[in-house]
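K.L.:
There's a structure below that I have some questions on.
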Amino acid sequence: MDVNSDENLLTHLDADLQKNLIERLKKGIDINQLLKDLLQKHDEELALEKEKLAEEVREKNNGRKPSRYIPAAIRRQLRKEHGTMCSIRTCQKQATTIHHTQRFALSQNHDPKFLAPLCREHHAIAHTIDGKYLEKRRW
């Protein structure tokens, strides 16, 4: 779904949802507050789920060296939070890579708090900023 800033959000909602929101609006229900509350609850649930996944990953590894493979549950969590797009707010490109914001070689974990789906360009930028990574790549 490509959303431009000058598009009407309603064009992206299905007819039943539009009808439901209009009915609530006619009843005098503040749908702005309703949606804000819903989004806040969604964000809180994502944060709790993310923390739970991080704890599960820590317990599973428990002293063992973890695989470089990012578990499917964590990939699903990141998709719920970021969708399919790059996590850089101003970017509208598809995410192609899940980036460890804490170097995996040092942290040895897949804590979802330190993972971000990035497009190819932003992933390259993230590693360009990391001088140690560049040194290793030059070898």
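The values are calculated or read from the model by the stated rules, or taken from the named source; none is laboratory data. On a predicted model such as this, the values are computed, not experimentally measured, just so you know. Methodologically, a virtual Cβ is constructed for each residue, glycine included, from the backbone with ideal geometry; neighbour enumeration extends over all protein chains shown.
K.L.:
One residue is enough: does region 13-25 have a residue meeting the conditions at pLDDT below 90 and either of a type in the set (Lys, Arg) or surrounded by 12 or more Cβ atoms within 10 Å (Cβ to Cβ) (or both)?
P.N.:
For region 13-25, residues at pLDDT below 90 and either of a type in the set (Lys, Arg) or surrounded by 12 or more Cβ atoms within 10 Å (Cβ to Cβ) (or both): present.
K.L.:
Could you list all residues from region 81-139 that are surrounded by 15 or more Cβ atoms within 10 Å (Cβ to Cβ), at pLDDT below 85 and in contact with a Pro (Cβ under 8 Å, 6 or more places away or on another chain)?
P.N.:
Of everything in region 81-139, just one residue is surrounded by 15 or more Cβ atoms within 10 Å (Cβ to Cβ), at pLDDT below 85 and in contact with a Pro (Cβ under 8 Å, 6 or more places away or on another chain), namely Asn109.
K.L.:
Which of (1) touching a strand residue (DSSP E or B) at 6+ places or on another chain (Cβ under 9 Å); (2) within 23 Å of Ser107 (Cα to Cα); (3) touching a residue at least 24 places away in the same chain (Cβ under 8 Å) does Arg75 not meet, given it meets every other one?
P.N.:
Exception for Arg75: condition (3).
K.L.:
Moving on. Answer with yes or no whether Glu56 is assigned to a helix (DSSP H, G or I), within 30 Å of Thr11 (Cβ to Cβ) and among the charged types (D, E, K, R). Break it down stepwise before answering.
P.N.:
Numbers: assigned to a helix (DSSP H, G or I): yes; within 30 Å of Thr11 (Cβ to Cβ): no; among the charged types (D, E, K, R): yes.
No, not satisfied.
K.L.:
Anything in region 81-112 that is out of contact with any helix residue (DSSP H, G or I) (no Cβ under 6 Å at 6 or more places or on another chain), in contact (Cβ under 8 Å) with a residue 12 or more places away in the chain and part of a helix (DSSP H, G or I)? List them, or say none.
P.N.:
His82, Phe104
K.L.:
Please find, within region 59-72, the residue that is surrounded by the fewest Cβ atoms within 10 Å (Cβ to Cβ) out of those that are more than 22 Å from the chain's Cα centre (by Cα) and in a helix (DSSP H, G or I).
P.N.:
Result: Glu59.
K.L.:
What are the residue pairs meeting all of these: first residue in region 116-139, first residue closer than 23 Å to Leu78 by Cα and among the basic types (Lys, Arg), second residue part of a helix (DSSP H, G or I) and at pLDDT 60 or above, Cβ atoms under 6 Å, and 6 or more apart or on different chains?
P.N.:
Listed pairs, sorted by first residue: none to list.
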